[in-house]
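Reading through the structure tokens given below for one structure.
The values are calculated or read from the model by the stated rules, or taken from the named source; none is laboratory data. Note that the structure is predicted; figures quoted are calculated from it, not measured. Ideal geometry is used to build each Cβ from the backbone, glycine not excepted, and the neighbour counts take in all protein chains shown.
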Amino acid sequence: MQKELPPAYEPKTVEETIYALWDRSGYFDPDNLPARHKKPFTIIMPPPNANGSLHIGHALFVTLQDIMIRYQRMQGKKTLWLPGADHAGFETQVVYTKKLEKEGRSFWGMPREQLYNEIKDFTLANKKYMEGQLKKLGASCDWSREKFTLDDNIIDVVYQTFEQLYNDGLVYRAEKPVNWCTKHQTTLSELEIKHEEKLDKLYYIKYQLQEVKGQMSKVKSYIEVATTRPETIPADIAIAVHPKSKWSTFIGKNVLNPLTGTAIPVIADAHVELGFGTGALKITPYHDPADFAIWQDHRTEITATPFSVIDQFGKLTAEAGADLAGLKVVPAREKSVELLRPHFAKEPEAYQHQVAVCYKCNTTIEPRIMMQWFVKMTEKPARKGQKSLRDLAVEAVKSKKIKFIPARYEKVFMHWMKNLHDWNISRQIVWGIRIPVWYCADQRTAVCKEKEGVIVTTKQPTTCPHCGGTSLTQEQDVFDTWFSSGQWPFATLMANKPGDFKTYYPTDVMETGWDILFFWVARMTMFGIYRTGKIPFRTVYLHGLVRDKERQKMSKSKGNVINPLEVADQYGTDAVRMALIIGTTAGNDPIISEDKIRGYRNFANKVWNASRFVLMNHRELSAKPKFTTEDKKSLKDLAAAKKKITGYLNKYDFNHAAETAYHYFWHTFADKVIEQSKERIKSDNAADAAAAQAVLLEIISESMKFLHPFMPFITEQIWQMLPGDPRGLLMVEKW
């Protein structure tokens, strides 16, 4: 009995059934693929944050990675696409804090364990929902190997890496400058801050020369200092001037702090910018990283101990003086300006500059000096012959062991790597992986004091290995999310099925957004080589940030956000996937709109209707096909199109591959070949009818293959309806 496609393509009735068919086959698991699938091809999914629904950016990465996997699977590769989800530390805690606020509950004061467990339940529920969304988008990943960044065996791997770094002297604890969010009460990585243009005032303040007994009867001279932060003047411990500035005669002398009257030294430092302000800089180490660095270089000249006058909540402390104590920064600035007015060298000037703010709440970042855990990025480990983390990554890219698509991002990568600083990996939040450090409070022996009572171990100790003490407490801070996710490629494989790491590492492709090239890709490269001795991936494919048809960034406030699941429900997942791919090139921001998606829904209908026409007009003919010159040309055109598509896919040029498939099917096959065959397939000339019919079936079959990576649902459904029983799954057909 001849199979027949329904009159219209209804994605909702097809997609769920087809995905279930794939899932039951077991072919998502590379261990179950047919015997011809031998050589591994691996992609580790960048784990989406398990704190909300997928957005259009997720739909883009799912589509790109699924195209790669489906193509390589049809090529006979033993494909592993390992899915996962990220606990997303700070990001998720912020989301949950907002949830608590809506419920009328407060995050602050909640017991740590209760808060952790509540966030865990919230995250795991979101994770399950998110997995359903990934399936809706057609993700043909191996769910039997799915990992979560807080799985116990993932944490074990992360702890092992930390311990190895510590033993190699690449992890240390120190008081250093960090970015502090006074609202969220945590340090933040460079990724978690953004810089905004802000119009402030530049204040020119006189620092009077200290009167020296027997030499001066009164103060007659002063240094003029420009600052945007007069409220921190009570914490000044020196004035630095450029050796070639007009203030060079003051070097070695003392001036008086205009708010406290304290004498502070004038030092010379070539880092002071001659072209900014006055050429003299107030040194306030606890409130500016650059000042901290200058203080470190001049500790023999600066005898005062640095201190902070702004607390963790952004309020001025008692050390700032009675007039400022207790005030928030902005009111404190206004009050300090009032107090400093007699010391103005001239009226304040408007000053446009970049100000660091928290990327979640826009609170101005307060630099603080805190005891934190850091990773050395540019120093060699203690082991002989080993390279620094930075050098490991740079050499892998320079030697072309890792290739970037597009290639221009290699230069961006190298530029960023030149300016690496030690990385603060500790966060003062609840949600995350606790740092595996224990402190011994027992100070009975010299050895414990010498070791500062610090114990770094992957397993909780019962006694201190330094002194035998039992008063042990674990570090309260958790790892920066990027520390654990930076180990994702090898951690997921080490923590999975036996033999996975040996079989599937290094992975083949890391596909992610260009915006986290440095923050994630660089860290994965460094940690991967450091921990395993091998690169974590051979190719880095970078996609852009999805924008609307006006090329604007999508945001809820603009009302231009497209929910990929909603439009997939309306127009079909295949249409969404095609709209995301065609017109999108690696490294560039793709443009998406509902009109574009609607257009590819029309293409899906064209594929359906053309296939339905071929099937409806198919009849069993015993005559041997007699191919015409036109038939041979049609088959030659088909082969040429497929060769072109294959070439583009091999070069990761998905835009041109999909575009070629689209134009061939619509404008060559549907518009020309089908039209030319309509009379012939009904002809009484059986040999001619058989030839026309054979050409149509060949083109439909091959078209379903080359369209499958892009439009998996409709092509699998049509494939199952084509003549020839029993018919296997298109997803494992030979390309």
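Looking only at residues that are under 15 Å from LYS206 (Cβ atoms) and in contact with a helix residue (DSSP H, G or I) (Cβ under 8 Å, 6 or more places away or on another chain) in the stretch 252-271, which one is surrounded by the fewest Cβ atoms within 10 Å (Cβ to Cβ)?
THR260
For the stretch 167-188: of the residues being surrounded by fewer than 19 Cβ atoms within 10 Å (Cβ to Cβ) and among the polar types (S, T, N, Q), which is farthest from PRO381 (Cα to Cα)?
Filtering first and then ranking leaves GLN185.
Please go through the stretch 327-349 and pick out each residue that is touching a residue at least 12 places away in the same chain (Cβ under 8 Å) and of a type in the set (Lys, Arg).
If the condition is that a residue be touching a residue at least 12 places away in the same chain (Cβ under 8 Å) and of a type in the set (Lys, Arg), then LYS328, ARG333, LYS335, LYS346 are the ones that fit.
Tally time: how many residues in the stretch 576-597 are without any contact (Cβ under 8 Å) to a residue 60 or more places away in the chain and either in contact with a helix residue (DSSP H, G or I) (Cβ under 6 Å, 6 or more places away or on another chain) or β-branched (Val, Ile, Thr) (or both)?
Count: 4.
Let me spell it out: the conditions are (1) surrounded by fewer than 21 Cβ atoms within 10 Å (Cβ to Cβ); (2) touching a helix residue (DSSP H, G or I) at 6+ places or on another chain (Cβ under 6 Å); (3) modelled with pLDDT of 95 or more, and LEU5 meets all of them except one. Which number is the exception?
For LEU5, the exception is condition (3).
If a residue must be in a helix (DSSP H, G or I) and surrounded by fewer than 15 Cβ atoms within 10 Å (Cβ to Cβ), how many such residues does the stretch 189-204 contain?
The number of residues fulfilling the criteria is 1.
Looking at (1) in contact with an Asp or Glu (Cβ under 6 Å, 6 or more places away or on another chain); (2) assigned to a loop (DSSP other than H, G, I, E, B), which is the one condition that is false for HIS184?
In the conditions (1) in contact with an Asp or Glu (Cβ under 6 Å, 6 or more places away or on another chain); (2) assigned to a loop (DSSP other than H, G, I, E, B), HIS184 misses (1) alone.
Return the residues of the stretch 432-456 that are touching a helix residue (DSSP H, G or I) at 6+ places or on another chain (Cβ under 8 Å) and assigned to a strand (DSSP E or B); say none if nothing qualifies.
If the condition is that a residue be touching a helix residue (DSSP H, G or I) at 6+ places or on another chain (Cβ under 8 Å) and assigned to a strand (DSSP E or B), then CYS440, VAL456 are the ones that fit.
So, in the stretch 116-142, exactly how many residues are under 24 Å from GLN72 (Cβ atoms) and in contact with a Leu (Cβ under 8 Å, 6 or more places away or on another chain)?
Residues flagged as under 24 Å from GLN72 (Cβ atoms) and in contact with a Leu (Cβ under 8 Å, 6 or more places away or on another chain) within the stretch 116-142 amount to 6.
For the stretch 310-326, give me the residue count where each residue is free of Cβ contacts under 8 Å to residues at least 60 places away in the same chain, closer than 18 Å to PRO367 by Cα and in a loop (DSSP other than H, G, I, E, B). Let's see the steps before the verdict.
Pass one, the stretch 310-326, residues free of Cβ contacts under 8 Å to residues at least 60 places away in the same chain: 311, 315, 317-318, 322-323, 325-326.
So of that shortlist, the ones also closer than 18 Å to PRO367 by Cα come out as 311, 315, 317.
Subsequent filtering for residues that are in a loop (DSSP other than H, G, I, E, B) retains 311, 317.
Total satisfying the criteria: 2.
Quick one: what pairs do we get from the stretch 26-43, first residue free of Cβ contacts under 8 Å to residues at least 40 places away in the same chain, second among the hydroxyl-bearing types (Ser, Thr, Tyr), C-beta under 7 Å, 6+ apart or different chains?
none
Residues of the stretch 721-735 being part of a helix (DSSP H, G or I) and either hydroxyl-bearing (Ser, Thr, Tyr) or free of Cβ contacts under 8 Å to residues at least 24 places away in the same chain (or both), which ones?
Once the filter is applied, which keeps residues that are part of a helix (DSSP H, G or I) and either hydroxyl-bearing (Ser, Thr, Tyr) or free of Cβ contacts under 8 Å to residues at least 24 places away in the same chain (or both), the stretch 721-735 yields nothing.
Does at least one position in the stretch 637-652 carry a residue that is within 19 Å of TYR9 (Cα to Cα) and either at pLDDT below 95 or part of a helix (DSSP H, G or I) (or both)?
no
Based on what the data block shows, is PHE490 closer than 28 Å to GLU379 by Cβ, touching an Asp or Glu at 6+ places or on another chain (Cβ under 9 Å), assigned by TED's automatic domain parsing to the domain that holds ASN117 and part of a helix (DSSP H, G or I)?
In short, no.
If you check ILE516, ILE535, ILE529, which single one turns out to be assigned to a loop (DSSP other than H, G, I, E, B), in contact (Cβ under 8 Å) with a residue 40 or more places away in the chain and under 22 Å from TRP416 (Cα atoms)? Full working, then the answer.
Working: ILE516 fails: assigned to a loop (DSSP other than H, G, I, E, B); ILE529 fails: assigned to a loop (DSSP other than H, G, I, E, B).
Answer to the selection: ILE535.
GLY169 - would you say it is at positive phi and either modelled with pLDDT of 95 or more or over 20 Å from the mean Cα position of the chain (by Cα) (or both)? Give the derivation first.
Details: at positive phi: yes; either modelled with pLDDT of 95 or more or over 20 Å from the mean Cα position of the chain (by Cα) (or both): yes.
Here the answer is yes, as GLY169 does meet what is asked.
What single numbered condition from (1) in contact with a helix residue (DSSP H, G or I) (Cβ under 9 Å, 6 or more places away or on another chain); (2) over 25 Å from THR512 (Cβ atoms) fails to hold for ILE56?
Here ILE56 meets the rest and fails (2).
Here are the criteria: (1) over 39 Å from the mean Cα position of the chain (by Cα); (2) surrounded by fewer than 19 Cβ atoms within 10 Å (Cβ to Cβ). Tell me which single one HIS466 does not satisfy.
(2)
Would it be correct to say that GLY314 is buried (at least 18 other Cβ atoms within 10 Å of the Cβ) and either in contact with a strand residue (DSSP E or B) (Cβ under 6 Å, 6 or more places away or on another chain) or modelled with pLDDT of 95 or more (or both)? Spell out the reasoning first.
Details: buried (at least 18 other Cβ atoms within 10 Å of the Cβ): yes; either in contact with a strand residue (DSSP E or B) (Cβ under 6 Å, 6 or more places away or on another chain) or modelled with pLDDT of 95 or more (or both): yes.
Yes: the conditions hold for GLY314.
Just to be sure I understand, how many residues within the stretch 607-634 are surrounded by 17 or more Cβ atoms within 10 Å (Cβ to Cβ) and assigned to a helix (DSSP H, G or I)?
10
Condition (residue is surrounded by fewer than 21 Cβ atoms within 10 Å (Cβ to Cβ) and farther than 18 Å from GLY513 by Cβ) applied to the stretch 572-586: is it met by at least one residue?
No, there is no match, as no residue in the stretch 572-586 is surrounded by fewer than 21 Cβ atoms within 10 Å (Cβ to Cβ) and farther than 18 Å from GLY513 by Cβ.
LEU730: surrounded by 16 or more Cβ atoms within 10 Å (Cβ to Cβ) and more than 19 Å from TYR71 (Cβ to Cβ), yes or no?
no
Yes/no matrix, rows are residues, columns are (1) in the same structural domain as PRO536 (by TED's automatic domain parsing); (2) outside any helix (DSSP H, G or I); (3) more than 20 Å from the chain's Cα centre (by Cα); (4) polar (S, T, N, Q):
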position	(1), (2), (3), (4)
THR13	no, no, yes, yes
THR17	no, no, yes, yes
PRO46	yes, yes, no, no
ASN51	yes, yes, no, yes
HIS58	yes, no, no, no
ILE67	yes, no, yes, no
TYR71	yes, no, yes, no
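Could you tell me whether the stretch 449-458 includes any residue that is in contact with a Cys (Cβ under 7 Å, 6 or more places away or on another chain), free of Cβ contacts under 8 Å to residues at least 40 places away in the same chain, over 24 Å from LEU545 (Cβ atoms) and outside the structural domain of LEU649 (by TED's automatic domain parsing)?
Scanning the stretch 449-458, I find at least one residue that is in contact with a Cys (Cβ under 7 Å, 6 or more places away or on another chain), free of Cβ contacts under 8 Å to residues at least 40 places away in the same chain, over 24 Å from LEU545 (Cβ atoms) and outside the structural domain of LEU649 (by TED's automatic domain parsing), so the answer is yes.
Restricting the first residue to the stretch 398-421 and requiring it to be within 22 Å of TYR505 (Cβ to Cβ), which pairs with a second residue that is surrounded by 12 or more Cβ atoms within 10 Å (Cβ to Cβ) and of a type in the set (Gly, Ala, Ser) meet a Cβ separation below 8 Å and a spacing of at least six or different chains?
ILE402/ALA396; ILE405/ALA586; ILE405/GLY587; PHE413/ALA522
Can you pull out every residue in the stretch 573-595 that is part of a helix (DSSP H, G or I) and modelled with pLDDT of 95 or more?
Residues satisfying the conditions are THR573, ASP574, ALA575, VAL576, ARG577, MET578, ALA579, LEU580, ILE581.
Taking the conditions exactly as written (under 20 Å from the mean Cα position of the chain (by Cα) and under 20 Å from GLU395 (Cβ atoms)), does THR539 satisfy them or not?
Yes.
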